[in-house]
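The values are calculated or read from the model by the stated rules, or taken from the named source; none is laboratory data. Treat the numbers as computed from the prediction; the structure is a model and nothing was measured. Backbone-built Cβ (ideal geometry, glycine too); neighbour counts: all protein chains shown.
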Amino acid sequence: MQIIKYILLIIVFLISNKIGRMLSQRYKERVDELEEIKNAIQIFKTKIKYTYDPIPEIFTDISKNSRNNIGQIFKSAVEKMKNKSAGIAWEEALDENKENTNLKEEDIEILKRLSKLLGMTDAEGQISQIEITNQFLEEQIVIAREEKQKNQKLYQKLGTTMGLVIVILLI
């Protein structure tokens, strides 16, 4: 009977440790996703500037070359562009996919700003909007890195500590 008790205590400890690691991982993934979307938007800017490809075609290329969560946003926007303007499709794709990402609401709002001129103005107007969005994204990346540095170890240690506390209380 004691062996079962100790096995259950070890399982409780491991589960709480895993929960702490999962919570800390979200900070790393947010930084990665922000960097990924910044790179994708940079590709978008380059393609608008030099290839003059239509937005749906550019977004399709980006969706194929981006990680799952970010690629899905672009893929969803392409699907919506069949019936809606590029700006509206982009906003709806962001709203639809925000639950699947680690992006915060302020990150989403910054990305929505891109929709104001998307497909509505000439290439130069869109490029200037992309540059502004990139500046805001860079600020968000700096903030996300600071949060990651501060909170990632905290949640890992908190998970381990809570596991130990639960085990000690149950002994």
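Among the residues making up region 11-36, those that are in contact (Cβ under 8 Å) with a residue 40 or more places away in the chain and farther than 27 Å from Arg67 by Cα are Val12, Phe13, Leu14, Ile15, Ser16, Asn17. If you go through region 106-129 and pick out every residue that is over 16 Å from Asp53 (Cα atoms), assigned to a helix (DSSP H, G or I) and aliphatic (A, V, I, L, M), you end up with 4. Taken together, Ile15, Ile4 contain a single residue that is modelled with pLDDT of 90 or more and more than 23 Å from Glu124 (Cα to Cα), which is Ile15.
Can you find a residue that is at pLDDT 90 or above, of a type in the set (Gly, Ala, Ser) and part of a helix (DSSP H, G or I) anywhere in region 34-41? Looking through region 34-41, at least one residue is at pLDDT 90 or above, of a type in the set (Gly, Ala, Ser) and part of a helix (DSSP H, G or I). Taking the listed residues Ser115, Ser85, the one that is touching a residue at least 24 places away in the same chain (Cβ under 8 Å), of a type in the set (Ser, Thr, Tyr), touching an Asp or Glu at 6+ places or on another chain (Cβ under 9 Å) and farther than 22 Å from Glu29 by Cβ is Ser115, with no other qualifying. Does Gln152 count as surrounded by 14 or more Cβ atoms within 10 Å (Cβ to Cβ), modelled with pLDDT under 90 and farther than 16 Å from Ala40 by Cβ? The answer is yes for Gln152. Residues that are in a helix (DSSP H, G or I) and within 25 Å of Ala144 (Cα to Cα) within region 78-105 comprise Trp90, Glu91, Glu92, Ala93, Leu94, Asp95, Glu96, Asn97, Lys98, Glu99, Asn100, Glu105, listed in sequence order.
Here Glu91, Glu139, Glu99, Glu109 are screened, and the one residue that is within 18 Å of the chain's Cα centre (by Cα), farther than 20 Å from Gln42 by Cβ, surrounded by fewer than 16 Cβ atoms within 10 Å (Cβ to Cβ) and without any contact (Cβ under 8 Å) to a residue 40 or more places away in the chain is Glu99.
Across region 42-57, the number of residues qualifying as assigned to a helix (DSSP H, G or I) and either basic (Lys, Arg) or surrounded by fewer than 13 Cβ atoms within 10 Å (Cβ to Cβ) (or both) comes to 5.
Being surrounded by 14 or more Cβ atoms within 10 Å (Cβ to Cβ), without any contact (Cβ under 8 Å) to a residue 24 or more places away in the chain, out of contact with any Asp or Glu (no Cβ under 6 Å at 6 or more places or on another chain) and of a type in the set (Val, Ile, Thr) is a description that applies to Ile62.
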